[in-house]
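Since every read-out is calculated from the coordinates, none of them should be taken as a lab result. Just so it is clear, the model here is predicted, and its values are computed rather than measured. Because the Cβ atoms are built from the backbone with ideal geometry, glycine has one as well, and the counts that use them run over all protein chains shown.
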Amino acid sequence: MRRQTHWENAREQGLVAGANMTGRKRIRYEQVPYFWTELFDLRMDFVGDFTLQPTRVNLDGTYSKKKFIARYYQGEKLRGLLLCQQTQREVDAAKSQLRQAQGK
């Protein structure tokens, strides 16, 4: 996996590190790479590993209306999702879907 330098990942790492310092039950940090960006009127959320060239991309929604979810596959394995103008519920579902595809 590629290192993700985004404040969202840093926040998640801090929560796990803080919990583990208390001496209670240890929590394992299992990162699902995630970052988001806003460009003018577009919000895009990236979930997964985009370092490898996909062999297949499935598009749900309408690209021309700028509201879609693109799923990137390497063979039959889901590697990443790009969400354009989607709700937080959809982003959370994408994270769960990728975790499930990775067997986590």
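A few points about this structure:
- Note on Arg56 and Arg26: with the Förster distance fixed at 25 Å, the Cβ-Cβ geometry gives a FRET efficiency of about 0.05.
- For the chain, built as a Gaussian network whose Cα springs stay under 10 Å, the top-fluctuating residue of Gly80, Gly14, Gly48: Gly14
- Exposed GluC sites (Glu not before Pro) absent - longest run of the chain, DSSP non-H/G/I/E/B, at most 16 other C-beta within 10 Å: 31-75
- Taken about its Cα centre, segment 34-102 carries a charge dipole of roughly 140 debye when the Cβ of each Lys and Arg holds +1 and the Cβ of each Asp and Glu holds -1.
- Segment 1-61 and segment 74-90: distance between their alpha carbon centers, rounded to Å: 12 Å
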